[in-house]
1. Exactly one condition in (1) of a type outside the set (Gly, Ala, Ser); (2) part of a helix (DSSP H, G or I); (3) surrounded by fewer than 19 Cβ atoms within 10 Å (Cβ to Cβ) is false for ASP119; which is it?
2. Considering every residue within region 35-56, establish whether at least one is under 20 Å from VAL207 (Cβ atoms), surrounded by fewer than 15 Cβ atoms within 10 Å (Cβ to Cβ) and either out of contact with any His (no Cβ under 9 Å at 6 or more places or on another chain) or of a type in the set (S, T, N, Q) (or both).
3. For region 270-290, how many residues meet the condition of being surrounded by fewer than 17 Cβ atoms within 10 Å (Cβ to Cβ) and in a helix (DSSP H, G or I)?
4. Take the residues in region 291-319 that are of a type outside the set (Gly, Ala, Ser) and outside any helix (DSSP H, G or I); name whichever of them is nearest to MET31 (Cα to Cα).
5. Would you confirm whether any residue within region 90-103 is surrounded by fewer than 20 Cβ atoms within 10 Å (Cβ to Cβ), among the aromatic types (Phe, Trp, Tyr), farther than 23 Å from VAL207 by Cβ and in contact with a Phe, Trp or Tyr (Cβ under 9 Å, 6 or more places away or on another chain)?
6. Return the residues of region 100-121 that are modelled with pLDDT of 95 or more and either in contact with a Cys (Cβ under 6 Å, 6 or more places away or on another chain) or of a type in the set (Asp, Glu) (or both); say none if nothing qualifies.
7. Go through VAL183, VAL204, VAL137 for me and flag whichever is of a type in the set (A, V, I, L, M) and farther than 29 Å from ILE42 by Cα.
8. Determine which single condition LEU201 fails, assuming it passes every other condition in (1) surrounded by 17 or more Cβ atoms within 10 Å (Cβ to Cβ); (2) more than 22 Å from ASP119 (Cα to Cα).
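The values are calculated or read from the model by the stated rules, or taken from the named source; none is laboratory data. The structure presented is a predicted model; accordingly, all values stated were derived computationally and were not measured. When we count neighbours, we look across all protein chains shown, and the Cβ atoms used for this are built from the backbone with ideal geometry, even at glycine.
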Amino acid sequence: MAVLAAAPEPETRRGSDYSRLSRRISAAGLMERRTGWYVARIALTVGLFVAGWVAFAVVGDSWWQILVAVFLAGATTQVAFLGHDAGHRQMFRHRRAAEVAGLLAGNLAVGLSYGWWIDKHNRHHANPNHEDDDPDVGAGALVWTDEQAQATRGFSRWLAQRQAYLFFPMLLLEGLALHVSSVRALTDGTPIRHRRSEALLLAVHAVGYLGALFTVLSPGKALVFLAVHQGLWGLYMGCSFAPNHKGMPVMTAEDDLDFLRKQVLTSRNVRGGVVVDFALGGLNYQIEHHLFPSMPRVNLRRAQPIVAAYCAEQGIPYEETGLFDSYRQALRHLHSVGAPLRGDKEPVEAAH
């Protein structure tokens, strides 16, 4: 999940473009805590998560558990969204309360290191889509820029050529990658504030999760449940985050933008109403979230028209599209980045 404390909104000059927008948002009361909403949201999310595990116990050693695994993949992602909100202090103003919520949601319930995610995620927020400073667009299994593509060799090069076609299948391994990264972070010197507590909670999660699977289910069914649950959780997580920045301009050290433009120009909103709001955990309001990361999730919808109107006043492009079109744009960018490796002549889109 990223800072050892959540990234605050930047301090800006009183007359800057961002500060003027910030005053409009504050005047509308959109930075105020929404305690009642979060109490209801936590109760609903925890209720769904617990209901999934109760169903698991009731169904027993049956192939019907595949449906339970599908349900729990969705519930697990919703719990992860709560961890995200806690990391940004959308729920609680005080760090201790936010950290407790994040550790319970991330390490204990999901099996994801909260401290590792906080460090990674806040670096992303500070420099979204920056080829050097944003860990989310660093070269890895996927490549996001022409330079990264040209640096690939062997299997990585083969993968980069076909990455647009393999993107969604690869997301089935994202859950496993997050678990591995979490364990690695606890042993490689990554700055984690509560290292011992995180290690203990991850161990409790692993023992409880695997113990439940192999106690209730036969070994074969347990492995299938594990694959379905973890695969679909990773897919859901990836599909929730992919629309936000993928296919938007990638910044370099040569770009010199103020905070407002850096956040807006690299982010994309996704339309869709309350169903999309729920499914994506409010991340569909990515522009507003990046401008005001500690804004309670439920207020992002109200902030959207204010931010869009202000960007229009300033002549700043404001990207908003439908959910499926957001995936199309991301895949088109991935395909374009791999074009030179395939010998195609199409240019790399949104690479700078």
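1. Failed condition: (3).
2. Step one: of region 35-56, the residues under 20 Å from VAL207 (Cβ atoms) are 49-50, 52-54, 56.
If we keep only those that are surrounded by fewer than 15 Cβ atoms within 10 Å (Cβ to Cβ) as well, we get 50, 54.
Filter once more, keeping what is either out of contact with any His (no Cβ under 9 Å at 6 or more places or on another chain) or of a type in the set (S, T, N, Q) (or both): 50, 54.
Checking region 35-56: at least one residue is under 20 Å from VAL207 (Cβ atoms), surrounded by fewer than 15 Cβ atoms within 10 Å (Cβ to Cβ) and either out of contact with any His (no Cβ under 9 Å at 6 or more places or on another chain) or of a type in the set (S, T, N, Q) (or both).
3. Here the count works out to 4.
4. If we take residues in region 291-319 being of a type outside the set (Gly, Ala, Ser) and outside any helix (DSSP H, G or I), then MET295 is nearest to MET31 (Cα to Cα).
5. Yes, region 90-103 contains at least one residue that is surrounded by fewer than 20 Cβ atoms within 10 Å (Cβ to Cβ), among the aromatic types (Phe, Trp, Tyr), farther than 23 Å from VAL207 by Cβ and in contact with a Phe, Trp or Tyr (Cβ under 9 Å, 6 or more places away or on another chain).
6. Scanning region 100-121 gives no hits.
7. VAL137
8. The failed condition is (2).
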